[in-house]
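J.: Sharing a structure with you now.
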Amino acid sequence: MKYSTIIVAAGKGERMKLGFNKVYAELEDGRTILEHAMEPFMNDEDCVQITLVTDAEDYYHHNMQKRWPGRISIVRGGSTRQESVSHGLDTVFAEAVMIHDGARPYLDSDSLERLKKTMETEKAALLCVPSKDTIKVVKDGYIVETPDRNTLMNAQTPQAFETELLVSCMNQAFDEGFTGTDDTSLIERYSDVKVKAVEGSYGNIKITVPEDLSQKK
């Protein structure tokens, strides 16, 4: 399956308290979080296009262009993640697109291959893992429900889509003023397409707080 990839890396990373966008923080091997997040797609011959949603000044300030010169398209971020993804979608030319978080540096090739294989027959899919924790629904400070953990999964990225489907649902969301918590939530709300859950990896964490930097793949 040939596909385009949008890597969303436009956040400020305020919870990391670094003073700069967290995706440019270095991991133990001296390479940035963003380099690790980009690498699986750069090494995949089926990925025909990569669009990075980030601040261009940051990208060049951290000398990212030396790693993969001339192979990356850069577009500016929006006021929300959803708007940033929309900016990236404006550049996509493949019939399928994957959306990946720039702060997820540990995507493994097996998970990526499972997602690609799934998209040969599906219109939308995402990586996810079974929830390890008991989840509580809370209202006004009190527990109101405990969902069956066997039905709960934690969403990850990449999330993959038929490009036209995501664009259509994205446009409807903007028309309605709806902001989803992830990209698949737009498919759930604005189409009849079923989103396929694909086995991911617990190692595919998103770097969010300083403690995450000490976790190893």
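J.: Among the residues of region 209-217, is any surrounded by 15 or more Cβ atoms within 10 Å (Cβ to Cβ) and at pLDDT below 95?
T.: Yes: region 209-217 contains one or more residues that are surrounded by 15 or more Cβ atoms within 10 Å (Cβ to Cβ) and at pLDDT below 95.
J.: Here's a follow-up. When you check SER73 against the structure, is it out of contact with any Asp or Glu (no Cβ under 9 Å at 6 or more places or on another chain), of a type in the set (S, T, N, Q) and in contact (Cβ under 8 Å) with a residue 40 or more places away in the chain, yes or no?
T.: For SER73, the condition - out of contact with any Asp or Glu (no Cβ under 9 Å at 6 or more places or on another chain), of a type in the set (S, T, N, Q) and in contact (Cβ under 8 Å) with a residue 40 or more places away in the chain - is not met.
J.: Let me ask something else about it. Output the residues belonging to region 44-68 that are more than 13 Å from MET98 (Cα to Cα), part of a loop (DSSP other than H, G, I, E, B) and touching a residue at least 12 places away in the same chain (Cβ under 8 Å).
T.: Listed by number, the residues that qualify are THR54, ASP55, HIS62, ARG67, TRP68.
J.: Just for region 185-206: of the residues that are within 9 Å of VAL129 (Cα to Cα) and in a loop (DSSP other than H, G, I, E, B), which one is least open to solvent (accessible area, probe 1.4 Å)?
T.: It comes out as GLY200.
J.: Another question, if that's okay. Of the residues that sit in region 69-88 and are among the charged types (D, E, K, R) and under 17 Å from the mean Cα position of the chain (by Cα), which one is nearest to LEU166 (Cα to Cα)?
T.: That would be GLU83.
J.: Does region 30-68 hold any residues that are crowded, with 19+ Cβ neighbours inside 10 Å and over 19 Å from the mean Cα position of the chain (by Cα), and which are they?
T.: If the condition is that a residue be crowded, with 19+ Cβ neighbours inside 10 Å and over 19 Å from the mean Cα position of the chain (by Cα), then HIS62, MET64 are the ones that fit.
J.: Still on this model: Checking ALA10 against (1) modelled with pLDDT of 95 or more; (2) aliphatic (A, V, I, L, M); (3) not in a helix (DSSP H, G or I), which single condition isn't satisfied?
T.: (1)
The values are calculated or read from the model by the stated rules, or taken from the named source; none is laboratory data. Keep in mind that this is a model prediction, so the values were computed, not measured. Glycine gets a Cβ as well: all are built from the backbone with ideal geometry, and neighbour counts include every protein chain shown. To get the accessible areas, we keep the full protein, side chains included, count just its heavy atoms, and leave off ligands, DNA and RNA. Shrake-Rupley method; radii C 1.70, N 1.55, O 1.52, S 1.80 Å.
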